[in-house]
Each structure stands twice: as structure tokens, then as C-alpha cells.
Amino acid sequence: MARRPKTKATRASDIERRTRALVTPEGVTLHLRLATAGSRAGAFTIDALIMLAVLIALTAGAITLWGSTGSGGPAAIIWLLGFFLLRNFYFTLFESGTRAATPGKRALKLRVVARDGGRLTGGAILARNLMREVEVFLPLIFLLVAQA
């Protein structure tokens, strides 16, 4: 089935569908636009590439400092610790900061907000990122282990 090209009316309808009106306690109406799935995926891809670059640099630094021994030794410990910290705290730390966005989200002009348009609480940020662990990283690890 062929898709029809989007007209100005359908584009306007898409924008209207993704726009939410928020009334602040001061009575000011803000119109927030929800991000598309593509922009969210793009932001995640940028963040994943940044995490990969940091992990590669950490690996190279650990190997340079401690050399490559048979079992890995200190280099393997540094790598595992860096991988754990990146995977579990990269998103949490950036989203709880003043800009409420990771570098990938900032590049695409996105930020994380609560349903009422305000900042997320610490518990909400933690819950959101624990779900990312279950939805994204855990299946990826299972796929990598199944391939080995």
C-alpha cells in the first residue's frame, strides 16, 4: 500500500496532535510539543555513540597503563567499572542536571519534563532510567551472549 505524501494540512494536524497545552501556577499557558520517535531515537543514538567513545578511550587508557595480560587484571576491572558506571549513570546524571537533557537530547533540542511541564523528580528520573536498562540494555546483552 503506497503512502500518500503529507500535505500542509496533515503536517499541521501532526503538530497539533503532538502539542500539549500546560497552564502554569501563574496562569500562563505554555504549548509544549512532544518529540517524535525519530528524534528520540536520534538522541539515543548520539548518546550511545558518546558512551561508546568514552568506553573505547577508557579501554585504551587502561591497556596503556596496565598492559594487556592474559586474564586482563586491572585493565579488565577498570573497563567493567567504567562500563557499569556509563550504562547506569550517564542518563541519570545528565537528566537530573540543570538542563534536564543528555548531550544527544541537547543536540536535537529535546529535554525531559514531567507531565505538568516541570522538572522530573529524582525518583522519576531513576525509574525512567531503570526502565531503559530493562527495555534496551538487558535485551542487547542477551543478544550478545546468544551470539557468543
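For the reader, a short list of remarks on this structure follows.
- Computed log₁₀ I(q)/I(0) - Debye formula, equal Cα scatterers, no solvent, segment 33-96, q 0.18 Å⁻¹: -0.71
- Cα centroid of segment 98-148 to Cα centroid of segment 42-57, whole Å: 13 Å
- The figure for PHE83 is an accessible area of roughly 70 square angstrom, using a 1.4 Å probe on the protein chains alone.
- Surface listing: PHE91, PHE142 arranged by accessible area from highest to lowest gives PHE142, PHE91, probe 1.4 Å.
- Residue order by solvent-accessible surface for ARG20, ARG106, ARG132 is ARG20, ARG106, ARG132, largest first, with ligands and nucleic acids left out and a 1.4 Å probe.
- Nearest-10 value in Å² for the accessible area of LEU80, using the 1.4 Å probe: 100 Å²
- Of the residues ASP47, ASP116, the one with the largest accessible area comes first in the ranking ASP116, ASP47, computed with a 1.4 Å probe on protein heavy atoms.
- Gain in span if fully extended, ARG132 to ALA21, counting 0.36 nm per residue against the direct Cα distance: 37.2 nm
- Amide H contacts under 5 Å for ARG20: LEU32, ARG33, LEU34, restricted to partners 5 or more places along the chain or on a different chain, H placed in the peptide plane at 1.01 Å from N.
- Put a dot 7 Å past the Cα of PHE142, heading toward its Cβ, do the same for ARG115, and the two dots end up 2.9 nm apart.
The values are calculated or read from the model by the stated rules, or taken from the named source; none is laboratory data. From a predicted model like this one, the values you see are computed outputs, not experimental measurements. Quick reminder, even Gly has a Cβ in these numbers, built from the backbone with ideal geometry, and neighbours come from all protein chains shown. Surface accessibility is based on the protein's heavy atoms, side chains included, excluding ligands, DNA and RNA. Shrake-Rupley method; radii C 1.70, N 1.55, O 1.52, S 1.80 Å.
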